[in-house]
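Right, one structure below, let's go through it.
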Amino acid sequence: MPQGKIHRVGHACSYTPTALIHAAGFTPYRVLPVGDSPDRAGQLLHDNLCPHAKRILDRAMDEDLPDLDGMVFMNCCDAMRRLSDAWRTVRPKQGVVLVDLPVSPTDTSVSFFAGELTRLAQTLQEWSGQSFTSADISSSIDAMNEMAELLKEISKRARKGTLVGGSSRLQGLFNRGATEPLGQTMELLRSAVGAAERRPTAQNGVPVYLFGNVLPEPEAFAHFESCGVHIAGDSVCTGLRAFNRIGGGNSEDVFWRLARGLLDGPRCPRTFHPSQPGKIAEEVLAEAQACQAKGVIGYTMKFCDPYMSRLPGIRDALREAGLPLLLLDGDCTLRSIGQQRTRIEAFAEMLR
């Protein structure tokens, strides 16, 4: 690849093996559903499809993206599979690969997923014109793990109220970690961790736990706080969940290690263990109690089938524990968040 230019490979899912992309010499670039691109995805995708997928396609159709050497899609749900098809129509000259993603972390699934990651590595080598080794992948995993640890530390500061800029700044750092070259991001994060913490102040907002899928806009977190809530803990796929630390594992096969680490990471509603189909509800409850939340807010995209199937179990678990739940749905715009102000304010008042 030509030197001096940033070569990016796009992706759109937290399960994407970004360490593989990095090892191949590319900058992983998460295409976030942000910006003001006009709504044109309906020309190719059904109106009642996940807004996350549609907003990403809107950006591609509006050329609101940096140069990408290729696009990696994880076959995590039907909406992403349809987005992969539409992307090939909108950008017929761009390399596209669809990676099958198992729904459970069983040994059989891990072995299958390791094979898919091997196939992805071969595709990335074709795009870059350069080969890379297992040692290169291990090195990239270590670098990504270091970034995850730094973001975890910064996240802790935001949740206890000692990070200058609070949750809005934290989300901005998540976004930069997902889109910018690793070297630049690491320098920024080390600076943030090394900076003096501000003195904890009394939280005006009532502590809540936030879960959901995509919420990349820093302004959205400022909006929540302006409505009287303090996000004491969270699990959204554009937050810390997108920076999963990959463990060492017991295998010398780096693809198996990466597959196991991704499937064993923080649970997405489309991923579950056959013997514990309702485990996600237990995890939401446990995390909400751990951060001493007085209530829980679920923010999900409209028409998100995986979350729609899990929400009844989550609601029942929280109800039995006596934790109030507010469910919100959105369309990947700040407008939809703003329309929920009255409901969020009423929820916060109820929890006081």
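Taken together, the values in this text are just the output of simple stated rules run on the coordinates, not laboratory data. Computed from a prediction, not measured in an experiment: that's the story for all the values here. Counting neighbours? That spans all protein chains shown, and the Cβs are built from the backbone with ideal geometry, glycine included.
Sorted largest first, the principal axis extents computed over the alpha-carbon atoms of region 67-113 equal 37, 20, 13 Å.
Measuring nothing but alpha carbons in region 8-136 and taking Rh as the Kirkwood radius, the Rg to Rh ratio lands at 0.98.
Taken along its principal axes, the alpha carbon cloud of region 250-323 reaches lengths of 46, 30, 23 Å, longest axis first. Note on the chain: dipole from Cβ charges, positive end direction compared against 143, 20, 90; the farthest Cα belongs to 143.
Kindly flag which residue pairs out of 93/152; 54/160; 5/152 have an alpha-carbon separation exceeding 32 Å in this structure. Violating the 32 Å limit, Cα to Cα: 93/152; 54/160.
Build a GNM of the chain with springs between Cα atoms under 10 Å: which of 88, 267, 241 gets the top mean-square fluctuation? The residue that fluctuates most here is 88. Overall, the chain carries a charge dipole of about 620 debye about its Cα centre when +1 sits on the Cβ of Lys and Arg and -1 on the Cβ of Asp and Glu, all other atoms neutral.
Dividing the convex hull volume of the alpha-carbon atoms in region 133-214 by its residue count gives 110 Å³ per residue.
DSSP bridge analysis restricted to the chain gives an antiparallel fraction near 5%, rounded to the nearest 5.
If you put +1 on each Lys and Arg Cβ and -1 on each Asp and Glu Cβ, how big is the dipole of region 8-136 around its Cα centre, in Debye rounded to 20?
Numbers: 12 positive and 16 negative charges, 20 e Å.
That gives a dipole near 100 debye.
One equal scatterer on each Cα of region 195-352, no solvent, Debye formula: the resulting log10 I(q)/I(0) at q = 0.18 Å⁻¹ is -1.16.
The average projected area of the chain, computed from the convex hull of its Cα atoms over all directions, is 17.4 nm². Considering only 265, 113, 174, and ranking their Cα positions along the charge dipole of the chain that arises from unit charges at the beta-carbon of Lys, Arg, Asp and Glu, the one farthest toward the positive end is 174.
Between helix 51-61 and the chain there is an angle of about 50 degrees, using the helix long axis and the longest principal axis of the Cα atoms. Taking trypsin sites (Lys or Arg not before Pro) across region 1-56, the ones in a DSSP loop with at most 12 further Cβ atoms lying within 10 angstrom of their Cβ are 5.
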